[in-house]
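*Asks:* The structure is given below, and queries will be raised subsequently.
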Amino acid sequence: HAVVAAFSFRGGLRSDTTDRKGLYRIRHLTEGRWYVFKSRVLGHRTRNIAADLLGNMRLRSVRVPKEGKVRLDISDVVEGGVDVEGRVLRGGKPVPGAVVTALTGQGDGPLGIGVRSTMADREGRYRLDSLLPGSYVFQVAVLRGRPSTLPVEVPEGSRRFHKDLELPVSRISGTVLDPAGRPVRGARVRAVPAETPGGGGILSLIVSRGAWRGRTDGDGRFTLKRVPGGTYRLEVEPPGKRKDLGEASLPGLEVDGKTDLEGIRLVLPPAGILEGTVRDGKGKPLAGVTVRAVREGKERPGKAALAGRVRALRDARLYRVVTDGEGVFRIRGVPAGKWTVRAEKEGFAPAQVSGLELLQGGAARADLVLLRGGTVKVKVLNRTGSPVPRARIHVLDESGKEVTPAFSAARLLGSLFGLGGKKKEGGWYVLKNVKPGAYTVVVEKPSGEKERHPVQVREGEVTEFRLVLK
C-alpha cells in the first residue's frame, strides 16, 4: 500500500491510499495547479523511517480543470532512470548508517526540486533506484554531524552507475583581526564554492547551509570542517554589534578534501555610513520612515537570480533604520560597495536612490522625498460580465519596469511560487502605495495573449476600473 497526497498552495491537502491494484482516487480538488506525491509508509526497510519515506517518494505536478477528471499515473521506475549505488567512505573506511539524500534542481515539485533518500547498510553500501540522468547534489548525513555535500553527475546510457561517496575531511582554519591587529570575536566565516552546488536557485540555498561556516572564538580563531574538494572564496562578516567593521574576503582557496588549510589571516576593514533625510512632497521632515540599504550587483537570469534576491532580503534586514523626528537616518556598519537606499512608510509611495558609492570607512548621503501613494484596483471581466479566472495583472511604469510592493519576505516567497506581489480582494487586483504618474496595466489572458491599458495614478487617490477582455 502507498499513500498518495495532493496539495495546493491555494486549495489545501487531500489524500488517499492505493488498493491492491495500485489504484487511488482523490476527490473534490479545486481548479489550478496541484502537487501530487506518493510514498510507501508501511513496511519500511531501514531503521530511519524519514529516509525511507523520502526514498520511496515520487513527486509530480498536474493542473486540475474546473470540471472533469485528470489521470496521473505514478511509477517507481522512470523511463531512462539509472540505479545509483556505491559505498559511503571516510578515510577509505565504510560509514554505516549514513543517510544519503540526492537533490536535483530538475524536479517537478513546487520549488523545482527532486528529493530521494536512503540509508547506508552496515558495510556503508547505499542504493538509489531510477534517478534520471543529470546533475545532483548528494548530501550525506552521519549521526551527530552536519551533512557533507558532494556534486554527482549521473550519466546517460547506462542502467546502473557505481559511485563511492568519499566524505571530505579537509579543514580551513585561521584568524580574523580588526584594523589594529586585535582578534575579532564572533565574526561569521564561510567558504563559498566558485561553482555553486545545485547550479544556483533554491537548491543552492538549501545545500549552502552545510558544514562550511562557523564563528571566531575569543582569540579570533575559526575552523571550518569537512570541506569538499574545490575552489572557494572565504567570506568574513563582523558580529552584529561591531558597527565599526566591514566585510573581508579571500578568493582562490584550493581544497582537495583530504588535507587541511591552516594559518589564514583576514583583516576586517573599517565600515562606512549611509545617511540622509526623508521629507514629504511639501518639504516637511517625515518621522518613522523605514529606510533600508541593499547592495547592488549584476542582474543574473533564471535560478541564479534567486540567490541575489535572498542576499538583498538579508541586506534589507541587516541595514535597516527608522528616521527620527527630523526625518534624519543614519545606517552604520555598512561595507564598502555600491548601494541602493529605499524609504517606505504606510500611505506613501516608496522612493529610492541608487548608485551610492561607499568607500571603506567613508560616508555617502541620500536625501529622499516620499509622495502620498495612489492605489490601483483592477477587475478583469469577460464579455458576459463574469471574472476571468487565472488572468495575470502587471502594472508597468513609464520605463516599462513592473511596479512591485514593499520589499519583504512575503514578496520573496511570492516570487518563488509564482504568486506575484498584488493582492486580490473580492475579485479586484489591488496594488497600493503607487507613486503618482502614468502607468500601463497589462492583462495577460490564460491563453497567453496580452492587452495593454493606460492609467493615470494621482497622489492619495484610488484609481479603480473594470477591464472587459476582447
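*Asks:* Within the stretch 240-268, track down each residue that is in a loop (DSSP other than H, G, I, E, B) and of a type in the set (Asp, Glu).
*Replies:* Across the stretch 240-268, the qualifying residues are ASP244, GLU247, ASP256, ASP260.
*Asks:* Mind listing whichever residues of the stretch 307-357 are closer than 19 Å to GLY240 by Cβ and among the hydrophobic types (A, V, I, L, M, F, W, C)?
*Replies:* Scanning the stretch 307-357 gives VAL310, ALA312, LEU313, ALA316, LEU318, VAL321, VAL322, PHE329, ILE331, VAL334, ALA336, TRP339.
*Asks:* If you don't mind, another one. Mind listing whichever residues of the stretch 32-46 are of a type in the set (S, T, N, Q) and at pLDDT below 50?
*Replies:* Answer for the stretch 32-46, where residues must be of a type in the set (S, T, N, Q) and at pLDDT below 50: just THR46.
*Asks:* Restricted to the stretch 14-41, and to residues that are under 26 Å from SER117 (Cβ atoms) and polar (S, T, N, Q), which residue is nearest to the chain's Cα centre (by Cα)?
*Replies:* SER39
*Asks:* Additional query: Are any residues in the stretch 313-328 basic (Lys, Arg) and at pLDDT below 90, and if so, which ones?
*Replies:* Result: ARG314, ARG317.
*Asks:* Would you check if there is a residue in the stretch 426-435 being outside the structural domain of THR30 (by TED's automatic domain parsing) and modelled with pLDDT under 80?
*Replies:* Checked the stretch 426-435: at least one residue is outside the structural domain of THR30 (by TED's automatic domain parsing) and modelled with pLDDT under 80.
*Asks:* Let me ask another. What pairs come out if I take residues in the stretch 94-121 that are over 27 Å from ALA6 (Cα atoms) and part of a loop (DSSP other than H, G, I, E, B) and pair them with residues that are of a type in the set (Lys, Arg) and at pLDDT below 85 whose C-beta lies under 9 Å away, six or more apart or interchain?
*Replies:* GLY97/ARG47
*Asks:* So is ASP256 more than 23 Å from ARG320 (Cα to Cα) and in contact with a strand residue (DSSP E or B) (Cβ under 6 Å, 6 or more places away or on another chain) or not?
*Replies:* no
*Asks:* Outside any strand (DSSP E or B), in contact with a Lys or Arg (Cβ under 9 Å, 6 or more places away or on another chain), modelled with pLDDT of 95 or more and buried (at least 16 other Cβ atoms within 10 Å of the Cβ) - does that describe any residue in the stretch 284-306?
*Replies:* Yes, the stretch 284-306 contains at least one residue that is outside any strand (DSSP E or B), in contact with a Lys or Arg (Cβ under 9 Å, 6 or more places away or on another chain), modelled with pLDDT of 95 or more and buried (at least 16 other Cβ atoms within 10 Å of the Cβ).
*Asks:* With the requirement that a residue be loosely packed, with under 15 Cβ neighbours inside 10 Å and aliphatic (A, V, I, L, M), what does the stretch 337-388 give you?
*Replies:* LEU359, ALA363
*Asks:* Additional query: For the stretch 64-83, which residues satisfy the criterion of being in a strand (DSSP E or B) and farther than 18 Å from ARG25 by Cβ?
*Replies:* Passing the criteria: VAL82, ASP83.
The values are calculated or read from the model by the stated rules, or taken from the named source; none is laboratory data. Remember, predicted model here, so these are calculated numbers, not experimental data. Because the Cβ atoms are built from the backbone with ideal geometry, glycine has one as well, and the counts that use them run over all protein chains shown.
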